[in-house]
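Taking it in order: structure first as structure tokens, then the write-up.
The values are calculated or read from the model by the stated rules, or taken from the named source; none is laboratory data. Owing to the predicted nature of the structure, the values given are computational and were not obtained by experimental measurement. A quick note on method: Cβ atoms are made from the backbone with ideal geometry, for glycine too, and the neighbour counts reach across all protein chains shown. Surface areas here come from the heavy atoms of the whole protein model, side chains and all, with no ligands, DNA or RNA. Shrake-Rupley method; radii C 1.70, N 1.55, O 1.52, S 1.80 Å.
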Amino acid sequence: MRAAIGLTISLLKLRIGVAIAASALAGIAVASGPGLAWWQIAGLALAILGASGAAGAFNHYYERDVDRLMRRTRTRPFASGTFKPSPWWLVGFLGLLAASLGLASVSAGNVAAAYVFLGAFTYGIVYTVWLKRRSTWNIVVGGLAGSFAVLAGAAAVDPSPQVIPTVLAVALFLWTPPHFWSLAAAKGQDYAKAGIPMLPVVVPAYAWTLAILVHSVALAAVSLVPLWFGEGLLYGLGAGLGGGYFVWKSVKLYRVPSKENAMANFFASLVQLALLIAGALLASAVRHWL
Ligand code: HEM
Ligand SMILES: CC(C)=CCC/C(C)=C/CC/C(C)=C/COP(=O)(O)OP(=O)(O)O
């Protein structure tokens, strides 16, 4: 039983799915409009877990050849041979995506469901199939996947575009490249062995560390913009502390491009996102209940 749960978490990349669902909740929190019922919020969160799980499972299936070559990924269910490839898997993944889109549409409306689809499509097809093995800019475009989660949340509240959720979606877009480049730098030999052209394995250290620093500074600045549009102290604390911490770790990495500093910067990206989301959720809770 424990083994089956572990395999499911791995296959659907559920830890990342939880972060993506939390980004959608942040989108709900910063959008203004009529409040949602609890079942609508829960329905959208579950739909995002399902859709990102379907895209993640497809990523495992499609990348089983290169995953086999990398230490970090070689024990994954398809790469290790625990799951045998068969077209039925693809039918299953498509079924999970369709059910998730149906749930998103019923609980959050068609515009939100369209954003959920775009998120899964960007990760599953645009990033995984079209760009990952071909372009160094793979992850810059892949970053849109997280932005669509924020937009899906905001569209559940009000389908027409709003300033603060759009700013938060831009923040997610800026967040993803330094998040991933830091990990790729720490595990560089893996990607080089697998022939995947991640930025840190194709350009010198001064260039990829500068690319990371520019992104984290831009991210820290952009995540403060909602303060001009009505977000308050709690949001500002989350965005300011997280942004400051991430920039600090990125400066350290720029000065000394070691694997340790790259891994520390990867963790800083997770801390920054967690604080940003927590700030948005707490600020919204205080607005509603106090
Ligand atoms: C296409 C864009 C992205 C890429 C290429 C990427 C890449 C990665 C990779 C390779 C890992 C390590 C996972 C492992 O050890 O197997 C990771 C971890 C993680 N990512 Fe991302 N990521 C992306 C977008 C996102 C987004 C949008 C979020 C959240 C909104 C996110 C949240 C996380 C979290 C929470 C972890 C740590 C949990 C874990 O290790 O499973 N990622 N990411
Ligand atoms: C709205 C919605 C449904 C959005 C879904 C977006 C989504 C699931 C993004 C995940 C991105 C991700 C986990 C990339 C991992 O990169 P990788 O697969 O290249 O990493 P690997 O080297 O570990 O395989």
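Quick look at the numbers
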{"quantity": "Helices (runs of 4 or more DSSP H) contained in the range 48-140 and holding at least 2 residues open to solvent by less than 10 Å² (accessible area, probe 1.4 Å) and not hydrophobic (A, V, I, L, M, F, W, C)", "calculated": "87-108"}
{"quantity": "Positions within the range 155-180 being in contact (Cβ under 8 Å) with a residue 60 or more places away in the chain and within 15 Å of ligand 1 (Cβ to nearest atom), in sequence order", "calculated": "Pro165, Leu168, Ala169, Ala171, Leu172, Trp175, Pro178, His179"}
{"quantity": "Residue match in the range 8-30 (condition: away from ligand 2 (no atom under 13 Å from the Cβ), at positive phi and surrounded by fewer than 16 Cβ atoms within 10 Å (Cβ to Cβ))", "calculated": "no"}
{"quantity": "Flag for Ser223 being within 16 Å of ligand 1 (Cβ to nearest atom), of a type outside the set (Val, Ile, Thr) and either more than 29 Å from Leu69 (Cα to Cα) or modelled with pLDDT of 95 or more (or both)", "calculated": "yes"}
{"quantity": "Selection status of Asn110, closer than 26 Å to Ala154 by Cα and either at pLDDT 95 or above or not aromatic (Phe, Trp, Tyr) (or both)", "calculated": "yes"}
{"quantity": "Selection count where residues are open to solvent by less than 20 Å² (accessible area, probe 1.4 Å) and not in a helix (DSSP H, G or I), scope the range 141-169", "calculated": "1"}
{"quantity": "Within the range 15-49, tally of residues that are within 16 Å of ligand 1 (Cβ to nearest atom) and within 21 Å of Ala113 (Cβ to Cβ)", "calculated": "20"}
